[in-house]
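K.L.:
Please find one structure pasted underneath; my questions will follow.
Nothing in this text is a laboratory measurement; each read-out follows from the coordinates by a stated rule. What you see is a predicted model, and the numbers here were worked out from it, not measured in a lab. Glycine also receives a Cβ, built like all others from the backbone with ideal geometry; neighbour counts cover every protein chain displayed.
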Amino acid sequence: MVDPDWVQEYAAERGTSLRDLTTVHVGGVARWLVRPRDADSTARLLRDLAAAATSWRILGGGSNLLVADGEVGPVVVHMSGLQTVAMLGDELIFGAGVALQRAVNHATDEGLAGAEVLTGIPGQIGGALAMNAGGRYGAMADVVSWVEVALPSGDLARLSNGDLHFAYRTTCLPEGAAVTRVAWRLKPSADRAALKRRAGSILKEKNAAQPTQAWNFGCMFKNPVGQSAGKLIEAAGLKGRQEGMARISPRHGNFIENLGEARALDILKLMELCEAEVARGAGIRLEREVRVWPGLTFP
Ligand code: EPU
């Protein structure tokens, strides 16, 4: 079979493993993987894929992602090549592929306050934007000024904070869009050392409560209103429950740990077990934070 035109133009790789492009280190291969270098080439790529009626999935830091063990296709667009960092007036502007923690460090090094609340959150800034990543002290929504997205039409568009309709762990992005740049507006602070101390104490708190050394997704479920998903999973007696090489963390119920060679189906079974047992015991429907590629179901 002849390769589609865009394969050569964008140096698409065939059969690249996605396992180590996710933080849980699980998953099969991408039929095609493309790594655009910048915003313009991302927009052109999406336009060419749309024109060829080929669908795509956007991959950032892979921290909230469970990839099936087979082949994922047809095209995975990996945003890690967009690595620019710029300061323009009072805004810090990052390429989508910049690691969120690099962006946080950059802000605190510049003496800019507000982003230190995102300390310890994995992933890249584009994905963090798409999920409105956050924690107890704040979320991306609190610091984002505007976002640039590549659209399937081949255009780049700028969306303001208000356009994004941020809510708890969600953002409204146009269908098929890829985030290409994220701008933060932060507050100048006279006390850099205080920002660093605050970041350090947030990290310490996380390391004490979460299995940060294990391969994991971060939290797998959103917290239901007024509840803690981890606490509900603990109350269902599921902490430490193991399926193959996947385990519900004995430390924090809302985390799954890959103990080595976990399969996607092992993890999915544990997630479904949590959903079923929390629904049965507490009458609460857990909502997933983790996205599954493609819709995995049991054979
Ligand atoms: N708890 C238990 N058992 C558990 C886990 C937690 O009883 O197994 C209790 C804790 O003792 C605490 C309460 O539940 O009283 C809340 O737990 P925790 O403070 O660990 O925070 P969380 O609500 O589980 C949230 C975010 C995390 C974020 C932390 C800290 C969600 C779903 N989770 O966790 O975000 O790191 O606060 O800021 O919003 C993520 O979204 O991926 C994530 C890890």
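K.L.:
Could you compute the net charge surrounding residue 252? Neighbours are other residues with a C-beta less than 14 Å from the C-beta of residue 252; K and R count +1, D and E count -1.
P.N.:
+3
K.L.:
Tell me, in nm to one decimal, what length is gained between residue 136 and residue 205 on full extension, where the rule is 0.36 nm per residue of separation less the Cα-Cα distance?
P.N.:
That works out to 23.8 nm of additional length.
K.L.:
So in the chain, what percent of DSSP beta bridges are antiparallel if you round to the nearest 5?
P.N.:
75 percent
K.L.:
For region 85-208, take N as its residue count and report Rg(C-alpha) divided by 2.2 N^0.38 Å.
P.N.:
Against the compact-globule rule of thumb, the ratio is 1.03.
K.L.:
For region 156-299, what is the relative contact order in percent, using Cα pairs closer than 8 Å and at least 6 residues apart in sequence?
P.N.:
Result for region 156-299 is 20 percent.
K.L.:
Here is a further query. Give the calculated FRET efficiency between residue 235 and residue 192 to the nearest 0.05, with a Förster radius of 41 Å applied to their Cβ-Cβ distance.
P.N.:
0.45
K.L.:
If amide hydrogens are placed 1.01 Å from N in the peptide plane, which non-local residues have theirs closer than 5 Å to the one on residue 23?
P.N.:
63, 65
K.L.:
Further question: Across the chain, how many lysine pairs, 8 or more apart or on two chains, come within less than 28 Å at their alpha-carbon atoms?
P.N.:
So the count of such lysine pairs works out to 18.
K.L.:
Treating the beta-carbon of each Lys and Arg as +1 and of each Asp and Glu as -1, no other charges, what is the dipole magnitude of region 211-293 about its Cα centre, to the nearest 20 debye?
P.N.:
140 debye
K.L.:
Express in nm, to one decimal, how much length is gained between residue 272 and residue 53 on full extension, taking 0.36 nm for each residue of separation and deducting their alpha carbon distance.
P.N.:
Extra length available between residue 272 and residue 53 comes to 75.5 nm.
K.L.:
Per-residue HN-Hα couplings for region 49-66, Karplus 6.51 cos²θ - 1.76 cosθ + 1.60 at θ = phi - 60°, whole Hz, x for Gly and Pro?
P.N.:
Listing the rounded values in order: 5, 4, 5, 8, 6, 10, 8, 9, 10, 9, 10, x, x, x, 8, 10, 9, 10 Hz.
K.L.:
Antiparallel as a % of all DSSP beta bridges within region 5-81, to the nearest 5?
P.N.:
30 percent
K.L.:
Determine the distance separating the Cα centre of region 2-19 from the Cα centre of region 239-263; give it in Å without decimals.
P.N.:
When both Cα centres are located, 33 Å separates them.
K.L.:
Now a separate question. Checking the a/c ratio against 1.5 first, then a/b against b/c, what shape does the Cα gyration tensor give for region 144-299?
P.N.:
In terms of gyration-tensor shape, oblate.
K.L.:
If you take the Cα Rg of the chain and divide it by 2.2 N^0.38 Å, with N the number of residues, what do you get?
P.N.:
In units of the 2.2 N^0.38 Å rule of thumb, it is 1.02.
K.L.:
In addition: What is the local net charge at residue 187, summed over the other residues whose Cβ is closer than 14 Å to its Cβ (Lys, Arg +1; Asp, Glu -1)?
P.N.:
With Lys, Arg at +1 and Asp, Glu at -1, the net is -3.
K.L.:
Please list, in chain and number order, the residues 5+ apart from residue 146 or on another chain whose amide H is under 5 Å from its amide H, with Hs placed from the backbone.
P.N.:
183
K.L.:
Work out from phi, with θ = phi - 60° and the Karplus expression 6.51 cos²θ - 1.76 cosθ + 1.60, the ³J(HN,Hα) of each residue of region 157-165, listed in order in whole Hz, and give x for Gly and Pro.
P.N.:
Couplings: 10, 10, 10, 7, 3, x, 5, 7, 6 Hz.
K.L.:
Amide H neighbours of residue 289 under 5 Å, at least 5 residues apart or on other chains, H built in the peptide plane: list them.
P.N.:
221, 222
K.L.:
For region 114-122, in order, what is each residue's ³J(HN,Hα) by Karplus, 6.51 cos²θ - 1.76 cosθ + 1.60 with θ = phi - 60°, in whole Hz (x at glycine and Pro)?
P.N.:
x, 7, 4, 5, 8, 4, x, 8, x
K.L.:
Also, I was wondering about something else. If you average the C-alpha positions of region 24-86 and of region 131-164 separately, how far apart do those two centres end up, in angstrom?
P.N.:
18 Å
K.L.:
Then there's this: Apply 1/(1 + (r/R0)^6) to the Cβ-Cβ distance of residue 14 and residue 284, taking R0 = 51 Å, and write down the FRET efficiency to the nearest 0.05.
P.N.:
The computed FRET efficiency comes out at 0.70.
K.L.:
Let me ask another. Report the extension gain between residue 25 and residue 40 in nm, rounded to one decimal, defined as 0.36 nm multiplied by the number of residues separating them, less their alpha carbon distance.
P.N.:
Residue separation times 0.36 nm, minus the Cα-Cα distance, leaves 2.4 nm.
K.L.:
State to the nearest 20 debye the size of the charge dipole of region 146-213 about its Cα centre, where the only charges are +1 on K and R beta carbons and -1 on D and E beta carbons.
P.N.:
With only Lys, Arg, Asp and Glu charged at Cβ, the dipole is about 600 debye.
K.L.:
Label-point separation (nm) for residue 91 and residue 160, each offset 7 Å from Cα along Cα-to-Cβ?
P.N.:
If labels sit at residue 91 and residue 160, their model points lie 1.1 nm apart.
K.L.:
Restricting things to alpha carbons, find the Rg to Rh ratio for region 211-293 using the Kirkwood radius for Rh.
P.N.:
0.93
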